[in-house]
Amino acid sequence: MSEALIFELMESCYIMDKRTSDDALGSTKETYVEGASIDAAIIKNSSTEAIVAEKQGASEIFTIVTKSSVTLDYHDVIKRESDGELFQVTSRGKDSAAPAASTIPIRKVTAERWERR
């Protein structure tokens with residue numbers, strides 16, 4: 001996949017920031033608000049293994065590709081601006097930067113569709 005194609009697939013997204021606050025019962029509640037905006041390509045894994053796993057009840061698996069300057073961490077939540085869909089990162093972005101010799105400055109992580117709790 002060429003650099004131009006990868007960047008063409010990217011669309012506006014937000015890293016969702018977790019906020020905690022007091023609730024009326026003396027406990028705490030978590031909410032998520034839009035944080036930093038990033039460009040990302042969110043691609044569903046459509047390998048045979050992924051399709052079989054989904055039929056057996058596993059979650060859909062996605063790959064999120066960003067510019068190498070963006071490092072997503074395990075359990076970060078990303079919101080796609082176009083449809084509001086949420087994805088939770090399931091790998092570490094620090095482990096997946098393109099090699100220094102690469103001419104394509106990208107980083108990728110795996111993710112699952114996420115339902116707001």
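Quick rundown of the values:
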{"item": "Among (1) of a type in the set (A, V, I, L, M, F, W, C); (2) in a strand (DSSP E or B); (3) out of contact with any Leu (no Cβ under 9 Å at 6 or more places or on another chain) - the single one ILE78 does not satisfy", "result": "(3)"}
{"item": "Matching residues, the stretch 45-74, being modelled with pLDDT of 75 or more and either part of a strand (DSSP E or B) or not hydroxyl-bearing (Ser, Thr, Tyr) (or both)", "result": "ASN45, GLU60, ILE61, PHE62, THR63, ILE64, VAL65, THR66, LYS67, VAL70, LEU72, ASP73"}
{"item": "Any chance VAL77 is of a type in the set (Val, Ile, Thr), modelled with pLDDT of 95 or more and touching a strand residue (DSSP E or B) at 6+ places or on another chain (Cβ under 8 Å)", "result": "yes"}
{"item": "Test: LEU9 is surrounded by 11 or more Cβ atoms within 10 Å (Cβ to Cβ), among the aliphatic types (A, V, I, L, M), under 18 Å from VAL109 (Cα atoms) and modelled with pLDDT under 95", "result": "yes"}
{"item": "The stretch 12-49, residues that are aromatic (Phe, Trp, Tyr) and within 20 Å of VAL109 (Cα to Cα)", "result": "TYR14"}
{"item": "Neighbours by Cβ (under 9 Å, 6+ apart or cross-chain): first from the stretch 22-34, touching a residue at least 12 places away in the same chain (Cβ under 8 Å) and assigned to a strand (DSSP E or B); second surrounded by 10 or more Cβ atoms within 10 Å (Cβ to Cβ) and among the aliphatic types (A, V, I, L, M)", "result": "TYR32/MET16; TYR32/VAL77; TYR32/LEU86; VAL33/MET16; GLU34/ILE15; GLU34/MET16"}
{"item": "Residue within the stretch 48-59 that is surrounded by 11 or more Cβ atoms within 10 Å (Cβ to Cβ) and in contact with a strand residue (DSSP E or B) (Cβ under 7 Å, 6 or more places away or on another chain) present", "result": "yes"}
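The values are calculated or read from the model by the stated rules, or taken from the named source; none is laboratory data. Quantities reported herein were computed from a predicted structural model and do not represent experimental measurements. Cβ coordinates were reconstructed from backbone atoms using ideal geometry, including for glycine residues, and neighbour counts include every protein chain displayed.
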